Every structure is written in structure tokens, then in C-alpha cells.
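The values are calculated or read from the model by the stated rules, or taken from the named source; none is laboratory data. This one's a predicted model, so the numbers in the text were calculated from it and none came from an experiment. Positions of Cβ are backbone-derived with ideal geometry, glycine not excepted, and every protein chain shown enters the neighbour counts. What goes into the accessible areas is simple: the full protein's heavy atoms, side chains included, and nothing from ligands, DNA or RNA. Shrake-Rupley method; radii C 1.70, N 1.55, O 1.52, S 1.80 Å.
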Amino acid sequence: MNETQFAEDANRSPESGRITDISKNGYQLLKENKVSDAIDCFTKILLMDENNNYALVGMGDATRKSGSTRDAIKYYQRCLVHHPGNNYALFGLADCYKVLNQYQKAIEIWEQYLLHDDKNITVLTRIADAYRKVRDFANSKNTYLKVLEMESSNPYAIIGLGHLHYDFKEYKDALCYWEKMMTAGMDDVDIRVLTSIGNCHRKLKTFQEGIPFFETALKREPHNFYALFGLADCYRGLNQIENSLKYWNRILDNDPRNKMILTRTGDAYRNLGDYENSKLFYEKALNIEFDTYAVMGLALISKAQGKYEEAVISFNRLIQQDNKNYRLYVELGECYIKMNDRRKARETLENFQKLGIKNQKVCEMLESL
């Protein structure tokens, strides 16, 4: 609530003046994060005037701040019943729905707010974000662009457009928007922009170009997961296995039970031919819970070591759980070829084709057989 509104109410009556003073105190306490004291103030007002708009919005803000989102919704809705169109209640209510991931409801409330203030950039960017969350590309993009028409360098809209295009796998367009944020200079740009640009290069497989962005992010935050992961994955894409291994291990120093990273580390050791360490990491992943990639990794080690029967058993079990993964059929087929059982190899690949899925690698292997 702003000072002008408090002043207007204070001139109406002595009781209004008292309510205004208590309201001011309540909102000041909220700013100071003294939530329970603020609630006491707003409760006093509601005892004098049960439908007071300041107190109802204040109670909504206070309960939302304390984490009671559903209680906050009740106060904002109660305010809107008695004071339709109250901007503060609309704003608070929409933010509550956003917290609860009820984005469509949040959009409806924010659009009501825009009926009173259609140039509010904060609300427009929130609406665009919400449309992005519900994967409504057109409305999200149009709303972000509307913000940029009013404020051409608005960082929330530019970053939002980057995320929007990234979510829809339009990585080149995402890169264009995030690179706009770089014009302010590498020293000032948000670290998330750096990792986002790096991630676009990862997705576009321009790994070498992504590395400097992840390195810059890592200089700022030496334990940043996204920077470490990005570097490890870029070096993996460049087949610089030892470099990728360095960053997988750095992630594990901070998060030793990260199952995905344990399997990636196992893969790196396997590709270096260090099967003992590779097995160790795959087994660590499996000790947390079943992991398809860890089991596949162990099967690939068996295959590489010439233990084809062991590998065949593992690949067959994995196919039962993931029967559309073409790589499992290819690896199993190769095991049968090594065992001089071309009939079984052909049968394995034909079983995959019976699923109605076309895969070039499978077709090429069948032709060679």
C-alpha cells in the first residue's frame, strides 16, 4: 500500500486515522520481516473493521511471507469480494497461484490486474513467464515482445525469451537473446546467462565455443554445478575424456551421491580403458538405486573384455525394461557376431524393427549380415 492511499483514509474519521496508523506500522514490520508482529497489527484492524482492505491485503502478504500460501489466498479473495479490482490483492493472489504452480489461474488474475494498469511491465513479464511455464509459445513470446516495445533493454523479457526458445529447442534464437545480455560486459552479466549461453552451444554441439562461458562462470563460483557439468559435457563432446573426468570428479567432491554423475564418471573411465575404476563408479550408482546406464556400462565392460555371455545376459535384461532403445539391440547384436552366432544377431535386430521404429545403424548392421 502506498502513502497517498493511507493519507486519504486518515482524513475520513478518527477511527480511520487510527486504522491507517496501525496499517502503516504493520506494513513497516513486514518490510523488517517481523511477520508475527505485522499479523498482530492487521488482526487489530480486522477486529475494528472486519473487511478492511489494508488489513486483508496485509494479512495476505504476511501469511504468504510466512509460507502459508493457501491461507494468503483466502485473505486476498476475501478482500476482492468486498473491494473488487484491488490491485494489491490481485497481485498477491496471482503470485500465490504462481508459487503453487497453478499458472493458468495466475494468468487469469494478472489479466484482471491489467484491466486497471495495462502498462505494468512487472505484471506483463510475470504473465509471459507463466505462459512459458504452460508451454504456450505464441502468447509468451508476444507478451515478452510487448514488454520490449515499452522498454527495449528489459533484462527479464530478454532472458525470458532466451528461456522460451531454449525450452522449445530453438537454440540459435535462444543464443541471440542471451548474447544481448552480454553487451553490458562479462563482469556484470548474471552467471545464469553465462551458463545458458554455454548450454546453447552444448545443444548445438559447438562445444569449443561453449567452454569459455562455463569457465567464466566457474571463476565466479568455483562450485557452480551447471558450470562444472557444462565443462565436463563439452569436453566429453570433444572426446577429451581426461578433461571431462576432471570436472565430473569435481562435481562428485560436492555431491558424492549424484547417480547421474557417478554413471558419467564410470563412462569416462571406461572410455579411457580403466575398467576397474569404471566398475567402481557404476556400482556406486547402483548402490543408490537401479540405473539403466550403470548396468549398460557394466555390460559394455564385459563386452570389451570378451565376456560376451555375461554381456548378452545384461543386454537382454535391459531390453526387457527399455525395448525401444536401439543401442541395446546394436550392442547385443555385436555380442552375437563376436560369438559367431549371426542368426541370433539378425534376429535381435529384426526384433527391433518389428517395433516399427526406423534406425539407420540397425538397418546398416542388418544389411552387413
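Before moving on, here are some points about what is shown:
- Accessible area of ARG64 (1.4 Å probe, protein heavy atoms only, ligands and nucleic acids ignored): about 80 Å².
- Just so you know, the Rg over Rh for the range 116-214 is 1.00, from Cα atoms, with Rh as the Kirkwood radius.
- The distance from the alpha carbon centre of the range 280-351 to that of the range 257-272 is 17 Å, rounded to a whole number.
- Among the GluC sites (Glu not before Pro) in the range 229-287, none is located in a DSSP loop while being surrounded by at most 16 other Cβ atoms within 10 Å of its own Cβ.
- Listed residues ALA299, ALA217, ALA106, most fluctuating in the chain (Gaussian network, C-alpha, under 10 Å): ALA299
- For the range 63-69, putting each phi into the Karplus relation 6.51 cos²θ - 1.76 cosθ + 1.60 with θ = phi - 60° gives couplings of 5, 5, 5, 8, x, 8, 4 Hz, in residue order, rounded to whole numbers and with x for Gly and Pro.
- Backbone HN-Hα couplings from phi across the range 225-240 [Karplus 6.51/-1.76/1.60, Hz, Gly and Pro as x]: 4, 5, 5, 4, 4, x, 5, 4, 6, 5, 5, 4, x, 8, 6, 9
- Summed over the residues of the range 123-277 and divided among them, the accessible surface reaches 51 Å² per residue at a probe radius of 1.4 Å.
- Structural descriptor for the chain: relative contact order 5 percent, calculated from alpha carbon pairs under 8 angstrom and at least 6 residues apart.
- Rounded percent of accessible protein surface that carbon and sulfur make up, the chain, 1.4 Å probe: 46 percent
- Spacing of the two label points (7 Å from each Cα toward its C-beta) at ASP117 and LYS358, in nm: 5.6 nm
- In terms of its Cα atoms, the range 259-330 spans 27, 26, 17 Å along the principal axes, sorted from long to short.
- Computed E for GLU170/LEU280 - FRET, C-beta separation, R0 35 angstrom, nearest 0.05: 0.30
- Computed 3J(HN,Hα) for the range 319-332, one whole-Hz value per residue from the Karplus formula 6.51 cos²θ - 1.76 cosθ + 1.60 where θ = phi - 60°, is 5, 4, 8, 9, 7, 9, 8, 4, 5, 4, 5, 5, 5, 5, glycine and proline marked x.
- Charge dipole of the chain (Cα centre as origin; +1 on each Lys and Arg Cβ, -1 on each Asp and Glu Cβ, all else neutral): 1280 debye, rounded to the nearest 20.
- Positive-end residue, the chain charge dipole about Cα centroid, Cβ charges, pick of PRO256, ALA217, GLN360: GLN360
- By the Kirkwood approach, averaging reciprocal distances over each pair of separate Cα atoms, the range 242-294 gets a hydrodynamic radius of 10.6 Å.
- Considering only THR183, THR263, THR195, the mean-square fluctuation computed in a Gaussian network model of the chain, springs between alpha carbons under 10 angstrom, is largest for THR183.
- Near-label residues of the range 231-249 by backbone N, under 19 Å of a point 7 Å along Cα→Cβ of THR206: 231-239
- Here r is the Cβ-Cβ distance between ASN33 and LEU272 and R0 is 51 Å; the resulting FRET efficiency, rounded to 0.05, is 0.45.
- All Cα-Cα distances of the range 273-369, cut into 10 Å bins from zero to the largest, leave 16, 45, 29, 9, 0 percent in each bin in turn.
- Tail fraction, Cα-Cα pairs, the chain, threshold 32 Å, whole percent: 57 percent
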